[in-house]
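Here's the structure we're looking at; comments come further down.
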Amino acid sequence: MWYNTSMNKKVILVVIGLVLVFVGGWFWMKRPSGTQPKGTTTEEIFVSEAPEPTAEPEFKKEDFTIKILNGSGTPGLAGTLQTDLETAGFTVDSTGNADSYDFKNTVIRAKSTVPAGFVSLLKEELSSYGTIDTEELADDEDTDVVIVIGGKQKEAEPTAASDSKVTTKTPTPKTDSQSTPEAGT
């Protein structure tokens, strides 16, 4: 024969080796770029990269001044709200009437320096004053927060004593000389 079998085996082994190297390199290059090294988990990677939450600035209710304006047209609402807020620990600087009485919703206007937590506390206190909208207040205002009371107030649940269709009479106490003996005694 004109070829040597031992040399032929060596050539075949070299060709197979080169094919394996090229195929392995091709698979290595085609692997997804975001794969993880062995021994790590997705959880370990994400936990170590999680940012720290920012803490809400601490405040006291009396740290911010409030102006209350009546935009509903109902007399006395600003004074009533002032009493309620001061009882709850807020600082009310002044009360008055809004430029108009056509506010449908109650509006809380707060400066950008007022924490969202403070506005949330005010919303809770104003829950009986209808729908509450929030707006940003200009930094040059005298107070930190302006509340404009709107005209659509939540109505209290009617009770038998307060329902206008039901009338009740208060019993008149009787004296001993007016009392009558009960039947069967």
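Is it true that some residue in the stretch 5-25 is at pLDDT 70 or above, assigned to a loop (DSSP other than H, G, I, E, B) and out of contact with any helix residue (DSSP H, G or I) (no Cβ under 6 Å at 6 or more places or on another chain)?
Scanning the stretch 5-25, I find no residue that is at pLDDT 70 or above, assigned to a loop (DSSP other than H, G, I, E, B) and out of contact with any helix residue (DSSP H, G or I) (no Cβ under 6 Å at 6 or more places or on another chain), so the answer is no.
Could you please tell me which pairs satisfy a Cβ distance under 6 Å, a separation of 6+ or placement on different chains, a first residue in the stretch 108-124 that is in contact (Cβ under 8 Å) with a residue 12 or more places away in the chain, and a second residue that is buried (at least 16 other Cβ atoms within 10 Å of the Cβ) and small (Gly, Ala, Ser)?
What qualifies is Val119/Ala110.
Just to be sure, is Ser72 at pLDDT 75 or above, part of a loop (DSSP other than H, G, I, E, B) and among the small types (Gly, Ala, Ser)?
Against the criterion (at pLDDT 75 or above, part of a loop (DSSP other than H, G, I, E, B) and among the small types (Gly, Ala, Ser)), Ser72 qualifies.
The values are calculated or read from the model by the stated rules, or taken from the named source; none is laboratory data. If you're wondering where the values come from, they're calculated on a predicted model, not measured in any experiment. Reconstructed Cβ throughout: ideal geometry from the backbone, glycine too, with neighbour counts over all protein chains shown.
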